[in-house]
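Undergrad: Here it is: the structure, laid out below.
The values are calculated or read from the model by the stated rules, or taken from the named source; none is laboratory data. Bear in mind that the values here come from a model prediction, so they are computed numbers and not experimental data. As a convention, Cβ positions derive from the backbone with ideal geometry for all residues, glycine included, and neighbour counts pool all protein chains shown. Heads up: the accessible areas ignore ligands, DNA and RNA and are worked out on the full protein's heavy atoms, side chains in. Shrake-Rupley method; radii C 1.70, N 1.55, O 1.52, S 1.80 Å.
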Amino acid sequence: MAALRVFFGDRIWWTKRATERDLTVLRRVQRKFREVFEKGQGGDDPGAVEILNTLLQQFPVQPRISGHNSTDWHMHVTGRSSSVASEFVAGAAWGLSAWLCRYKGDRFGVCADARCRNVYLDTSSNNCRRFCSERCATRSHVAAHRARKKEAAAV
């Protein structure tokens, strides 16, 4: 629960309401979201679509405008009585579905650093991203450079 609260950060409306049940649901759904990225990156858009459609059916989107005062209107994707997990999953599934429809699955990525394996959305102009962050890219490139130097020294 502590890690979930850290993940939600300043989204107090989720942090305060999160329960153990939400945590269980989010862990289960996390695997499904990962599959979406793996299938997208692997060129299996129909497989990614199937998973997203299932999630959208399980966690239906019910958009509504919300605001805490009359100047910060924003969209929520679930009803007021929805659980934290339902709100989060509905929004994530809706967002990833819109991304897939606009950019196709090859813009979904799994970090190429074997020690990391985080997922990311490739926002590069030429669809060339391979790592989730500069940190992972640097770490991977340094490791490869050291391996080449070690191999060359052994010869």
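Undergrad: What about residue 128, is it farther than 29 Å from residue 16 by Cβ, hydrophobic (A, V, I, L, M, F, W, C), open to solvent by less than 90 Å² (accessible area, probe 1.4 Å) and assigned to a loop (DSSP other than H, G, I, E, B)?
TA: When the stated conditions are applied, residue 128 passes them.
Undergrad: Here's another thing I want to ask about it. Just for the stretch 1-20: of the residues that are in a loop (DSSP other than H, G, I, E, B) and hydrophobic (A, V, I, L, M, F, W, C), which one is most open to solvent (accessible area, probe 1.4 Å)?
TA: Here the residue is 1.
Undergrad: If you don't mind, there's one more thing I want to ask. Taking the condition of being touching a Pro at 6+ places or on another chain (Cβ under 9 Å) and surrounded by 14 or more Cβ atoms within 10 Å (Cβ to Cβ), how many residues in the stretch 68-83 meet it?
TA: Count: 3.
Undergrad: Of the residues 140, 86, which is open to solvent by less than 40 Å² (accessible area, probe 1.4 Å), farther than 30 Å from residue 25 by Cα and either of a type in the set (S, T, N, Q) or not in a helix (DSSP H, G or I) (or both)?
TA: Exactly one of 140, 86 is open to solvent by less than 40 Å² (accessible area, probe 1.4 Å), farther than 30 Å from residue 25 by Cα and either of a type in the set (S, T, N, Q) or not in a helix (DSSP H, G or I) (or both), namely 140.
Undergrad: If you check residue 95 against the conditions, is it of a type in the set (Gly, Ala, Ser), open to solvent by less than 60 Å² (accessible area, probe 1.4 Å) and within 12 Å of the chain's Cα centre (by Cα)?
TA: So residue 95 passes the test.
Undergrad: Moving on to the next point. Within the stretch 21-48, track down each residue that is of a type in the set (A, V, I, L, M) and open to solvent by 20 Å² or more (accessible area, probe 1.4 Å).
TA: Result: 23, 26.
Undergrad: Just checking, which of 65, 51 is at pLDDT 80 or above and crowded, with 16+ Cβ neighbours inside 10 Å?
TA: 51
Undergrad: Next question, about the same structure. Taking the stretch 108-125 only, how many residues are open to solvent by less than 40 Å² (accessible area, probe 1.4 Å) and not acidic (Asp, Glu)?
TA: Summing the residues that are open to solvent by less than 40 Å² (accessible area, probe 1.4 Å) and not acidic (Asp, Glu) in the stretch 108-125 gives 7.
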